[in-house]
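*Asks:* One structure, as structure tokens, below. Some questions next.
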Amino acid sequence: MLEKLGSGLRDALRKIAKAGYVDKDTVNELVKDIQRTLLAGDVNVRLVFELTEKIKKRALGEKPEKGVTAREHVVKIVYDELVNLVGKDVEINLQPGRILFVGLFGSGKTTSIGKIAKFYQKKGLKTALVGCDVHRPAAMDQLMQLSTEINVPCYAPKDIKDAIEIAKNGIEKFKKYDLLIFDSSGRDALDKELADELRKLGETVQPDEVLLAIPADLGQAAGPQASEFKKLVGITGVFLTKMDGTARGGGALTACSITGSPVKFMGVGEKMDALEVFNSERFISRLIGFGDLQSLLEKVKDIGMEKDTAEKIMTGKFTMNEFYEQIKGMQKMGSLKNVMDMVPGMPMLKLPKDFDASKQESKMKKWKYVIESMTLEEKNDPSVMSPSRIKRIAKGSGVQESDVRELMRYYEQTKKMMKMVSGKGLRRGKLGRIMKMFKGKMF
Ligand SMILES: Nc1nc2c(ncn2[C@@H]2O[C@H](COP(=O)(O)OP(=O)(O)OP(=O)(O)O)[C@@H](O)[C@H]2O)c(=O)[nH]1
Ligand SMILES: [Mg+2]
């Protein structure tokens, strides 16, 4: 899917990765490559220029986080901005309800209905189909056939010519089902007649979700179409079909997103499992090379989290919340070391030889549950802790009271240590005391 777009972006980023350093020329070249690729994918010109301006400004203006190279920083910026461009993810509703499918002739409604019926059925919703396309002679047969293939019941009578009547019957027939999906008829254009018909159908079906099928090969033109449907019949999301067969999918995707009609699903083939739930981060990650990017994203996220904690410690704020973050970080061993690295004057923390990671891990897991059982007040000001509170917390987190007390002791020790660290500079003696304290208590 979108091979050209993906390979264009990957090539552009590869050039950056190979460059000896990042300067204005490198960024300009990167931006030009990205522009060329996106325009070839039929992404709107204005959007492309806005995007590349942002990339340029950030790439030249922002300083990379400590621990991230300038090149990685630029790759992350490109990723961020592309994710913004294709829009926020919308949550897929897994509640029981009714879905009405709408769309023009041949947009892929019926096929897509089969796909999402299979999808929801797999998610555990008892699903059934209702065929309300009374205009195209073969429509009922097509839906019936699909339903047999995916093993989902279907009501698609050929002898009733009134869509409303069929809808009513379907609702009655499938009363005991969790999810009903209604097919509707298409037209060449969204004219008044189609709008009226869909509105009437909507009044009967009372759908929780109205999905619009739009073929991705429309490119940018998908945007105005989505807006028009939204205005005239109201839609809750777009099902972008035929993403597999076009280079213009990027254009269609971005155009829908900026008209406020979020893409929820994508069709990537004719088969019943050729369905993707749209997720902007995953989509962009894959587009620009998932493997490399994943480790970079994790690195940046870790650094961000550790930086926050380190900053709070430096400014003297160390409540249970920071402690909790620290414990969470420490579960991925080595994190504490990173936090320490960011505190000026703190040398590398060496682990003792007899350090038992698994024991430590189970202890930290326990502590995590303990902190999760604390009230907001207790977390913000652990000095309010009392025997009765300790009892309650132990019960709530399924540990012994002695575990809670141990955690409190460790918190107090750490807090003391943090206070010393965040004091002005570190003298030799002080540092030695801190290290001793740390080793004694923690490891
Ligand atoms: N390659 C590809 N083909 C698709 C996809 N979705 C649908 N199609 C094909 O598009 C054609 C039209 O699909 P339908 O599901 O019949 O479209 P429709 O909107 O129900 O059409 P009408 O009921 O005539 O309005 C069929 O040949 C499908 O196999 C997709 O994601 N990828
Ligand atoms: Mg159809």
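The values are calculated or read from the model by the stated rules, or taken from the named source; none is laboratory data. Just so you know, these numbers come straight off a predicted model, no measurement behind them. Glycine gets a Cβ as well: all are built from the backbone with ideal geometry, and neighbour counts include every protein chain shown. What goes into the accessible areas is simple: the full protein's heavy atoms, side chains included, and nothing from ligands, DNA or RNA. Shrake-Rupley method; radii C 1.70, N 1.55, O 1.52, S 1.80 Å.
*Asks:* Just to make sure I understand: if all protein chains stay in place, what is the order of 301, 363 by accessible area at 1.4 Å, largest first?
*Replies:* Solvent-accessible surface, decreasing: 301, 363.
*Asks:* Next question, about the same structure. Report the paramagnetic label zone for residue 53: residues of the stretch 247-268 whose backbone N is under 14 Å from a point 7 Å from Cα along the Cα-to-Cβ axis.
*Replies:* Nothing falls inside the zone, counting backbone N under 14 Å.
*Asks:* Label-point separation (nm) for residue 282 and residue 206, each offset 7 Å from Cα along Cα-to-Cβ?
*Replies:* 3.3
*Asks:* What pairs in 301/379; 66/242; 301/365; 118/368; 122/366; 118/299 have C-alpha atoms more than 31 Å from each other?
*Replies:* Details: 301/379 24 Å; 66/242 43 Å; 301/365 21 Å; 118/368 39 Å; 122/366 35 Å; 118/299 37 Å.
Check vs 31 Å cut-off fails for 66/242; 118/368; 122/366; 118/299.
*Asks:* On a 1.4 Å probe surface of the protein chains, which of 324, 177 comes out largest in accessible area, and what is the full order?
*Replies:* Most to least solvent-accessible, the answer reads 177, 324.
*Asks:* How much length would be gained if the chain were fully extended between residue 272 and residue 169, taking 0.36 nm per residue of separation minus their Cα-Cα distance, in nm to one decimal? Display every interim value, and only then the final one.
*Replies:* Working: separation 103, 0.36 × 103 = 37.08 nm, distance 2.62 nm.
Length gained between residue 272 and residue 169: 34.5 nm.
*Asks:* Sticking with this one: How much of residue 384 can a 1.4 Å solvent probe reach, expressed as accessible area in Å² and rounded to 10?
*Replies:* The value for residue 384 is about 40 Å².
*Asks:* For residue 123, put the label point 7 Å out on the Cα→Cβ axis and report which residues of the stretch 254-269 keep their amide N under 18 Å from it.
*Replies:* Inside the label zone: 262-268.
*Asks:* With r defined as the distance between the Cβ atoms of residue 94 and residue 40 and R0 fixed at 30 Å, what FRET efficiency is calculated, to the nearest 0.05?
*Replies:* Result of the calculation: an efficiency of 0.20.
*Asks:* Among 54/231; 88/176; 76/264, which pairs are too far apart, with a Cα-Cα distance over 28 Å?
*Replies:* 54/231; 88/176
*Asks:* Just to confirm, what accessible area per residue do you get for the stretch 3-86 at 1.4 Å probe, in whole Å²?
*Replies:* Working: 4530 Å² over 84 residues.
On a per-residue basis, 54 Å².
*Asks:* Taking all protein chains together and a probe of 1.4 Å, list 276, 378, 203 from the most accessible to the least accessible. Walk me through the numbers before you get to the answer.
*Replies:* Working: 276 45, 378 0, 203 120 Å².
Per-residue accessible area, sorted high to low, gives 203, 276, 378.
*Asks:* Counting other Cβ atoms within 10 Å, which trypsin sites (Lys or Arg not before Pro) in the stretch 39-90 have at most 12 and lie in a DSSP loop?
*Replies:* Counting only loop positions with at most 12 other Cβ atoms within 10 Å, the trypsin sites (Lys or Arg not before Pro) in the stretch 39-90 are 66, 88.
*Asks:* Are there any chymotrypsin sites (Phe, Trp or Tyr not before Pro) in the stretch 1-89 that are in a DSSP loop and have at most 15 other Cβ atoms within 10 Å? List them by number.
*Replies:* Sites meeting the loop and neighbour criteria: 21.
*Asks:* Roughly speaking, to the nearest percent, how much of the stretch 170-244's 1.4 Å accessible area is carbon and sulfur?
*Replies:* 48
*Asks:* Next up: Evaluate E = 1/(1 + (r/R0)^6) for residue 321 and residue 63, where r is the Cβ-Cβ distance and R0 equals 35 Å; express this FRET efficiency to the nearest 0.05.
*Replies:* Working from the Cβ atoms, E equals 0.80.
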